[in-house]
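Asks: Below are the structure tokens for one structure; questions will follow.
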């Protein structure tokens, strides 16, 4: 009888540990839900002001990105990976650890999204000279 009670207590303790570790893991992962609930993460990792802006950019270009059943990541996570590489200039090994994919996959995802983003967003970028450059030429 004592062994059964001891095992039940141990089982409850182990379940609590598992639950605690799962919560920690969820907090550290970069998922759509994690970004949806943290404006700070969105701004830091992607450079966009909030999740709505990130989702707007994603919806502007995602329909032009090829995505099949063999892809290991969702389109949204691919876009997050692309945004992180652009914003933070993260190297491929860092992204492979964060997303659990190979360096070749990181490279393919980045170039795929870069090509589409360039084609779809180039009209949205103002190609003007910055104020500092204007001031420098005025001095000359």
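Read-outs: derived from the displayed coordinates by stated rules, not from any lab. Predicted, not measured: the structure shown is a model, and the values here were computed from it. Every residue, glycine among them, receives a Cβ derived from its backbone with ideal geometry; neighbour counts consider all protein chains shown.
Asks: What ranking of 118, 45 emerges when the number of other C-beta atoms within 10 Å of each C-beta is taken as an exposure proxy, fewest first?
Replies: Numbers: 118 11, 45 21.
Lowest count first: 118, 45.
Asks: Once the principal axes of the Cα atoms of the chain are found, what is the range along each, listed largest first in whole angstroms?
Replies: Cα spread of the chain along its principal axes, largest to smallest: 91, 39, 28 Å.
Asks: Specify whether the C-alpha gyration tensor of the range 47-91 places it in the rounded, prolate or oblate class, a ≥ b ≥ c being the square roots of the eigenvalues: rounded for a/c under 1.5, otherwise prolate if a/b is larger than b/c and oblate if not. Provide the component values of the computation, followed by the final result.
Replies: On the way: a/c = 2.36, a/b = 1.27, b/c = 1.86.
Cα axes put the range 47-91 in the oblate bin.
Asks: While we're here: Relative contact order (percent) for the chain, with alpha-carbon contacts under 8 angstrom and 6 or more residues of separation?
Replies: Details: 73 pairs, mean separation 25.0, N = 140.
Over the chain, the number comes to 18 percent.
Asks: Kindly put 97, 58, 79, 44 in sequence by how many other C-beta atoms sit within 10 Å of each C-beta, fewest to most.
Replies: Numbers: 97 9, 58 21, 79 25, 44 12.
So the residues, fewest neighbours to most, are 97, 44, 58, 79.
Asks: Same structure again: For labels at residue 32 and residue 91 in the simple 7 Å Cα→Cβ model, what's the distance in nm?
Replies: 3.2
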